[in-house]
Amino acid sequence: MVLVKIWILLSAWLCATGWILSALHALNGPGYLLALLLTAGLGLVFKQHWWPATGFHWPNWGKLARRFRRPAPLLIFGIALLSLAAGLHDAPQDGDTNNYRIPRVLHWLGASGWHWIIAEDSRLNIAGVGYEWLFTPLILLAKSDRWVFLPNVIAYFLLPGLIFSFLRRMQIVPRVAWWWSWLLASGWCYALQAGTTENDALSTIFALGAIDMALRAWENQSTVEAWLALLAASVLSAVKPTNLVLLLPCLVAVIPSWRLLLARPWLTSLVAGFCLLASFVPMAVLNWHYTGSWKGFVPEPGPPLWWHWGVNQELDSPFWGIVGNTFCLLTQNLLPPFFPWASAWNNAMQTFVQTPFGSHFASFENFGHLNRSVGSSSAALGLGVLTITFISLVAGQRGRRPVTAGARWDLHFWLRWAPWIALLVFMAKVGVYENARYLAPGYVLLFPGLLIRPGQAWLVRQRWWQCLVLLVIGFTVVWLGYVRGRQFIPPAAVAALQAHIPAKVFSVVNDYFQARASVASNREFTHRNANGESRVGYATLWGGCEPGMWLPLGSRRVERILLSETPASVRARGLRSIFVEDNFLGETRKTLPQWLARFNARLVAELTFTTYPGTPPRHLYFVKLNEDPAPSPR
């Protein structure tokens, strides 16, 4: 667990340091270097308060190597290596990352600190910043965004061991904890996000780490581990505000250690202050300051603006929210890897919402929506893991024995139920259409109630059950190998697959590859046309094309152009070279020739690209304003 402790400390330090350097307008290389030196100095001064008397015990690497001779660990190690290779080979592919995560960091670095960014997409400002603070130094050091995936890969390498430790702390017998730690780590939301820049699975380390550290603190009477539990819970909230519901089980786990925290009041106070900086609290305060709501979004008159994140994601009725989310979570978790009939399904869901009964679910963002295949941005725990879970529930009844009454109300009992209460709160409030991936940090927390049953110890010894587990993990490896390694497959092999795979299924798979290839062409287009410019404009509703405009990093500034801006205001900002997306033109209700005439501009280049598999192609235009004064707005 040494590596997990180091990761929690490093993550909390990066989150808190990001805010401190921003307040000092020193979010740059020298600022991080000075912060690192000061932290190292303080660590040496207070070494006696945190350094274990027996020292840190590093992992037994020989024992770890022998462990990977067995099939289950070897398969999970294969997933981790595939994810690492994919991350090293590809530029960030995730839509949310390119739309706002990387752009917001580039804006902050350009201004040497966090600031409220002028943009149509509210996510640039109001979304949680925990993941962004983790990769900001990577962009600074590498002068590139190619290493942004690294926190997710690190988290995935730590995940199986942490799941095992958590399950053991929750009184699950070793053999059951061992098998389920590998099976749960193969869940699609974890495996598919390991080599990407999504931030859902990343939070799992902090959710499990907070509870595991709190239980260790209680068992070992260790104040340091209690502090680590608080730090992990803080980073958990910083990564995503929807993770706030998971603070309930974290609180239940840390309550027994309250005497340990009060034993060193001054140091605990310092840690608490550090926890506040490393949590969602700074973002909540800034959201309140700029929008009047700690969440950052408030309802406005008229129809909801789809690029104003969060406004149409809060549910009107908690009861119907739980009913609707139960349906949505089941369908998303049971979604097969490829679902070519998604279009017909989604049309049926839209029709259903317009019926009298379906109107109860109209406040959902996009009720019942399913994708054509499971991807990193939509993956749930997965069909395979849920199938084995159902089989284990039924088959495990063979060895069931009654639980003694004395063990019903202990700490572990409440910890088994607290995540389910948190799940109900989430379902009552949140109406996002990809809600299954939002729950990635909490899936593992739901399993101790199942695995504590005595019948599970008998079940995991059965050869047929073990083969089924290996089959599910093995399928994930094969599937991930194709998704991550499509560009390495020879054309002859692709042609052979196309000849033996149904056309609809092959189209779904190949569309994902084409969308990934589109990201590379997009970056090449924006980088080539922005070359030589010190400042470029970007007229868009969301910013998926923006990262390439900054390359090479530090050479130019990118400024967003709002729907309400006039030609005079754009020229007053010194913008002469502008990238214009067709989604922006659609909202202005002008064609490209009309927009060019209004701004007295000329078209220089055009790119057709795909943002999401199976969707119509979009267009990005590079234009330059003429030197003549712009005509009066019409």
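The values are calculated or read from the model by the stated rules, or taken from the named source; none is laboratory data. Bear in mind the structure is a predicted one, so any value in this text is a computation, not a measurement. Heads up, the Cβs are rebuilt from the backbone with ideal geometry, glycines too, and the neighbour counts pull from every protein chain shown.
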Selection within the stretch 100-124 - over 21 Å from S534 (Cα atoms), out of contact with any helix residue (DSSP H, G or I) (no Cβ under 7 Å at 6 or more places or on another chain) and of a type outside the set (S, T, Y):
E120
How many residues does the stretch 132-161 hold that are aliphatic (A, V, I, L, M) and either more than 17 Å from S83 (Cβ to Cβ) or not assigned by TED's automatic domain parsing to the domain that holds L84 (or both)?
4
Taking the stretch 148-180 as the search range and keeping residues that are of a type in the set (S, T, N, Q) and closer than 26 Å to L468 by Cα, which one is surrounded by the fewest Cβ atoms within 10 Å (Cβ to Cβ)?
Q171
For the stretch 549-563, does any single residue satisfy the condition of being of a type in the set (D, E) and in a loop (DSSP other than H, G, I, E, B)?
no
For A142, the lone unmet condition from (1) on the phi < 0 side of the Ramachandran plot; (2) in contact with a Pro (Cβ under 9 Å, 6 or more places away or on another chain) is (2)
Go through the stretch 226-244 residue by residue and tally those that are surrounded by fewer than 24 Cβ atoms within 10 Å (Cβ to Cβ) and either assigned to a helix (DSSP H, G or I) or at pLDDT 95 or above (or both).
3
Filter the stretch 128-147 down to residues that are surrounded by 22 or more Cβ atoms within 10 Å (Cβ to Cβ) and modelled with pLDDT under 90, then give me how many there are.
1
Quick one: is V469 farther than 30 Å from D316 by Cβ, part of a helix (DSSP H, G or I) and under 23 Å from the mean Cα position of the chain (by Cα)?
no
Is it fair to say A217 is closer than 19 Å to D410 by Cβ, out of contact with any strand residue (DSSP E or B) (no Cβ under 9 Å at 6 or more places or on another chain) and aliphatic (A, V, I, L, M)?
yes
So, of the residues in the stretch 80-122 that are among the hydroxyl-bearing types (S, T, Y) and part of a loop (DSSP other than H, G, I, E, B), which turns out to be surrounded by the fewest Cβ atoms within 10 Å (Cβ to Cβ)?
S112
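Residue-wise test of (1) in contact with a Gly (Cβ under 7 Å, 6 or more places away or on another chain); (2) within 18 Å of V4 (Cα to Cα); (3) of a type in the set (V, I, T).
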site: G128; (1), (2), (3): no, no, no
site: L138; (1), (2), (3): no, no, no
site: L141; (1), (2), (3): no, no, no
site: S144; (1), (2), (3): no, no, no
site: V148; (1), (2), (3): no, no, yes
site: R169; (1), (2), (3): no, yes, no
I need the full set of residues from the stretch 564-583 which are in contact with an Asp or Glu (Cβ under 8 Å, 6 or more places away or on another chain) and not in a loop (DSSP other than H, G, I, E, B), in order please.
S577
Quick one: would you say H49 is assigned to a helix (DSSP H, G or I) and at pLDDT below 75?
yes
Taking the stretch 538-553, which residues are surrounded by 24 or more Cβ atoms within 10 Å (Cβ to Cβ), hydrophobic (A, V, I, L, M, F, W, C) and touching a residue at least 40 places away in the same chain (Cβ under 8 Å)?
A539, W542, C545, W550
Looking only at helices (runs of 4 or more DSSP H) that lie completely in the stretch 126-204, which have at least 3 residues being more than 19 Å from G78 (Cα to Cα) and in contact with a Cys (Cβ under 9 Å, 6 or more places away or on another chain)?
130-142
